Amino acid sequence: MPREKRAGICRICGIERELTYEHVPPRCAFNDERAEMYSLEQWVVLQSGGPKRYRDQQRGSGYVTLCADCNNRRGGAWNVGEFCKWTKMGRGLIRRFPEGQTVESATFRTHSLKPLPFAKQIVSMILALNLPEFGDVYPALREFVLDRDRTGLPPDHRLYLSLCDLDFARWVGRYDFIGVTHPGNVETVVASQVLLPVHVRRRHRRARQARRPH
């Protein structure tokens with residue numbers, strides 16, 4: 001299949017270029033098969049007992065939103081390998097979840113894992129699934145990805161990771177909700193989310209899938 005391309009503004013560098021197809025998440029993170037992609041509204045309808053409506057992508061979930069340089073170098077060469085190590089580590093943890101029970105916390109060793117490229121790949125995916133204006137409004141996210149050695153995000157930016165043994169995925173760009181901060185202040189929170197199903201085998205049979213939001 002020829003690679004899909006079109007002209008537009010790259011979500012990471014913000015420059016108008018020829019854009020290429022970006023797998024979100026990367027193919028090596030269990031995203032090399034057919035994907036059912038739900039918008040936030042479609043997921044809410046589904047959870048409320050409504051009809052199942054989604055976008056079907058045969059070669060895995062993704063978007064034509066990044067230029068070749070950001071896709072291949074800033075994504076693939078810099079960060080994807082480490083991101084996939086974390087993904088496989090998460091699948092190993094999920095395999096040990098007791099079936100039918102809620103796991104409140106999980107402990108794992110990170111001595112062989114590198115948090116920085118893992119975090120940069122998450123931010124790259126968030127930028128890829130949003131409109132170009134998202135990077136304009138939050139330039140710190142772009143700067144974090146464009147500079148390979150840059151560490152840390154501004155204090156008002158957060159990345160959250162959870163492991164869930166569920167049977168659906170969701171890729172959502174910007175959405176706003178009312179949240180309560182640690183000091184108890186009520187404010188509007190801007191968020192993006194990637195929930196990834198990972199096929200897990202338990203006791204020699206296929207178990208339910210897992211998801212990871214970012």
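If only residues of segment 67-86 that are in contact with a strand residue (DSSP E or B) (Cβ under 9 Å, 6 or more places away or on another chain) and modelled with pLDDT under 85 are counted, the one that is farthest from Asp149 (Cα to Cα) is Gly75. May I ask you to say which residue of Arg142, Arg150 is touching a helix residue (DSSP H, G or I) at 6+ places or on another chain (Cβ under 9 Å), of a type outside the set (Val, Ile, Thr) and part of a loop (DSSP other than H, G, I, E, B)? On inspection, the qualifying residue turns out to be Arg150.
Cβ separations smaller than 7 Å between residues 6+ apart or across chains give no pair from segment 36-55 residues that are free of Cβ contacts under 8 Å to residues at least 40 places away in the same chain and within 18 Å of Arg174 (Cα to Cα) to residues that are hydroxyl-bearing (Ser, Thr, Tyr) and not in a loop (DSSP other than H, G, I, E, B). The residues listed here are Glu18, Glu104, Glu99, Glu41; of these, the one that is in a strand (DSSP E or B), surrounded by fewer than 17 Cβ atoms within 10 Å (Cβ to Cβ) and out of contact with any Asp or Glu (no Cβ under 7 Å at 6 or more places or on another chain) is Glu18.
Of all the listed residues (Leu116, Leu146, Leu161), the sole one being more than 28 Å from Gly8 (Cβ to Cβ), at pLDDT 90 or above and not aromatic (Phe, Trp, Tyr) is Leu116. Taking only pairs six or more apart or across chains, which ones have beta-carbon atoms under 6 Å, a first residue in segment 135-157 that is without any contact (Cβ under 8 Å) to a residue 40 or more places away in the chain, and a second residue that is of a type in the set (Lys, Arg)? If the second residue must be of a type in the set (Lys, Arg), the pairs left are Phe144/Arg150.
The values are calculated or read from the model by the stated rules, or taken from the named source; none is laboratory data. Nothing here was measured: the structure is a model prediction, and the numbers come from that model. Cβ coordinates were reconstructed from backbone atoms using ideal geometry, including for glycine residues, and neighbour counts include every protein chain displayed.
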